[in-house]
Amino acid sequence: MTPRAGSVETVNLMKISKQKDGSVDLFADAVLSPIGAFQLEGENPTFTYQGKKVSLTPKPALRGLRKGSDLLASIPEYVHNSQGYKPNAAAIAALKAARKPVTVHVVFGSWCPHCRQHVPLMLRVENEVKNPNIKFEYYGIDSPPDGWKDPEVKRLGVKGIPTAIVYVNGVQAGRIEGEAWNTPEVALSKVINGSTGKGK
């Protein structure tokens, strides 16, 4: 499907290569054959193929408390973006050396384009650090407007996603929001190493 053109094309199944990260690619000699246009019915693209109506329904949002492995198993794009990220070595070393008990609680939406770009970076950080003192957890919410009504979102006062709330010694020490997601390991190291664990 090409969203800008509103068109649908087919390709021979034998010309599709599944990648290790779960994504797919086409062989160089793959030929795309146009079959027509698609329309939106609500949020679902629909089109006609071989006289039958086809409707694509997006996966339901990942909701509730999740492990990083759940995200990687459910969203191939997370695997690809995680593997392509090169974290700051000094920040990773500082996180590996952390001795305080830390919980990193990431609020995200599997439907959210900003989360697809940035949450995989935190997944890479989690994989690199492997410090038993630092626990990573991910809390998925529904798409708007329902996601903002989630009791956990309200309790934490989350205004945008992704947001990571960092707890040191069981006390909220800081948050990772906005541009800090460009290098989450640097932001996380600053919160942990610059915190006394006495914040709100």
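The values are calculated or read from the model by the stated rules, or taken from the named source; none is laboratory data. Please read these numbers as outputs of a predicted model, since none were measured by experiment. For neighbour counting, all protein chains shown are included, and Cβ atoms are generated from backbone atoms with ideal geometry for every residue, glycine included. Accessible surface is based on the protein model in full, side chains and every heavy atom, while ligands, DNA and RNA are left aside. Shrake-Rupley method; radii C 1.70, N 1.55, O 1.52, S 1.80 Å.
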Scanning the range 156-184 for residues that are among the small types (Gly, Ala, Ser) and part of a loop (DSSP other than H, G, I, E, B) gives GLY157, GLY160, GLY170
Does LYS20 satisfy the condition of being loosely packed, with under 11 Cβ neighbours inside 10 Å and under 30 Å from GLU137 (Cα atoms)?
-> yes
Taking the range 18-41 and the residues there that are at pLDDT 85 or above and β-branched (Val, Ile, Thr), the one that is nearest to PRO120 (Cα to Cα) would be VAL31
Flagged in the range 1-45 as more than 26 Å from the chain's Cα centre (by Cα) and among the β-branched types (Val, Ile, Thr), in numbering order, are VAL8, THR10, VAL11, VAL31, ILE35
Considering the range 1-17, residues that are open to solvent by less than 100 Å² (accessible area, probe 1.4 Å) and hydrophobic (A, V, I, L, M, F, W, C), and then whichever is nearest to HIS80 (Cα to Cα), we arrive at ILE16
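Being farther than 30 Å from ASP70 by Cα and either of a type in the set (Phe, Trp, Tyr) or outside any loop (DSSP other than H, G, I, E, B) (or both) is the filter here, so list the residues in the range 1-21 that pass it.
Within the range 1-21, SER7, VAL8, GLU9, THR10 meet the criteria.
Mind checking which residues of the range 22-38 are in a strand (DSSP E or B) and in contact (Cβ under 8 Å) with a residue 24 or more places away in the chain? Before the answer, list the steps.
Taking the range 22-38 as the starting set, the residues that turn out to be in a strand (DSSP E or B) are 24-26, 33-37.
Residues satisfying the conditions are SER33, PRO34, ILE35, GLY36, ALA37.
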Worksheet entry | SER55 touching a residue at least 12 places away in the same chain (Cβ under 8 Å), closer than 30 Å to LEU71 by Cβ, surrounded by 11 or more Cβ atoms within 10 Å (Cβ to Cβ) and of a type in the set (Ser, Thr, Tyr) | yes
Residue match in the range 186-194 (condition: open to solvent by 10 Å² or more (accessible area, probe 1.4 Å) and modelled with pLDDT under 95): yes
